[in-house]
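Scroll down for the structure; my scribbles are underneath it.
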Amino acid sequence: MNIRKIMEMKGKEPIVMITAYDYPSAKIAAGSEIDILLVGDSLGNVVLGYDSTVPVTMEDMLIHIKAVRRGAPEAFIVGDMPFLSYEIGPEKAIENAGLMLKAGANAVKLEGGEEFADTIRRITSSGIPVMGHLGFTPQSVNLLGGHRVQGKTPESRAKLLKDAKALENAGCFSIVLELVTEEVAKEITESVKIPTIGIGAGRYCDGQVLVFHDVVGLSQGEFKFVKRYADTYNIMLNAVTQYKEDVKRKIFPDEKNVF
């Protein structure tokens, strides 16, 4: 997978993206031949136990990008630029984006619209591909007042459409649309020439992305836009519980487990 192929998939073949945060999840995703692996700053919630993505640092992201690259040597990997890694200015943004590529990412993703067009233009001019992110932007959760669906008002719709065009013109190769009404997501998808990848943005985006832990049933939260394909949490819980009981009952280790 590469940038050119991803862009050529628009309107022809749905793009599949999933998050990966470590060596095991990367190996599983790569084995499934997923189109794009996203090392999301959502690792703050699902791996590090924070209540938002805001505390995630560049050091956190670089460690996890390296682990994912080791687990998926041939995959197309996008690294999330964490809070305050690009907002300070274009120079700092270029520096941090470059660190992500050196760690193993093929591209970076950053949140925000027209206000970051110049920063995106500067990053892409440095040879670093950028994926945009509009709608609900988790790093701005404190401003947005929680997980709110975007595009419900004429003002919100107009801003999303304007921001999408600004990201396209700035050089983004794709845009994630998160928690956007299906109608507005469809309008955005039809108005830009680059692929849109939805998460809680309906059926008309050019692709979809979900969190690995949600797909395999490791997370415990409930979101309307999530579909769980397994109940891994309870499978693992039962396995660990059985191990504990075997040790307590002195039936592990047994004769076949000793030397």
Report task. Could you list all residues from the range 4-56 that are part of a helix (DSSP H, G or I), among the charged types (D, E, K, R) and under 20 Å from Val215 (Cβ atoms)? Result -> Lys27
Query raised in the report: Here are some conditions: (1) loosely packed, with under 12 Cβ neighbours inside 10 Å; (2) part of a loop (DSSP other than H, G, I, E, B); (3) without any contact (Cβ under 8 Å) to a residue 12 or more places away in the chain. Gln220 meets all but one. Which one does it not meet?
Result: (3)
Query raised in the report: Is there a residue being part of a loop (DSSP other than H, G, I, E, B), more than 16 Å from Tyr21 (Cα to Cα), modelled with pLDDT of 95 or more and out of contact with any strand residue (DSSP E or B) (no Cβ under 9 Å at 6 or more places or on another chain) anywhere in the range 88-111?
Result: no
Requested in this report: Identify the residue in the range 159-178 that is part of a strand (DSSP E or B) and in contact (Cβ under 8 Å) with a residue 60 or more places away in the chain and, among all such residues, is farthest from the chain's Cα centre (by Cα).
Outcome: Ser174
Query raised in the report: Val16: surrounded by fewer than 24 Cβ atoms within 10 Å (Cβ to Cβ) and modelled with pLDDT under 95, yes or no?
Result: no
Query - Verdict on Lys193 being at pLDDT below 95 and outside any helix (DSSP H, G or I) - result: no
Query raised in the report: Going by the conditions given, is Lys227 modelled with pLDDT under 95 and either basic (Lys, Arg) or not in a helix (DSSP H, G or I) (or both)?
Result: yes
Query raised in the report: What are the pairs, 6+ residues apart or on separate chains, where a residue within the range 58-87 that is in a loop (DSSP other than H, G, I, E, B) has its Cβ under 6 Å from a residue that is small (Gly, Ala, Ser)?
Result: Ala72/Ala26; Ala72/Ala30; Ala75/Ala30; Tyr86/Ala93
Query raised in the report: Which of the residues spanning the range 223-244 are surrounded by 15 or more Cβ atoms within 10 Å (Cβ to Cβ) and of a type in the set (Ser, Thr, Tyr)?
Result: Thr232, Tyr233
Report summary line: Only one of Asp118, Asp51, Asp60 is surrounded by fewer than 22 Cβ atoms within 10 Å (Cβ to Cβ) and at pLDDT below 95, namely Asp51
Query raised in the report: If you take the residues of the range 26-48 that are in contact with a helix residue (DSSP H, G or I) (Cβ under 6 Å, 6 or more places away or on another chain) and surrounded by fewer than 24 Cβ atoms within 10 Å (Cβ to Cβ), which of them is farthest from Phe83 (Cα to Cα)?
Result: Lys27
Query raised in the report: Of the residues Ser32, Ser25, which single one is free of Cβ contacts under 8 Å to residues at least 24 places away in the same chain and of a type in the set (S, T, N, Q)?
Result: Ser32
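The values are calculated or read from the model by the stated rules, or taken from the named source; none is laboratory data. Computed from a predicted model, the values in this text were never measured in an experiment. All Cβ positions, glycine included, derive from the backbone under ideal geometry; neighbour counts span all protein chains shown.
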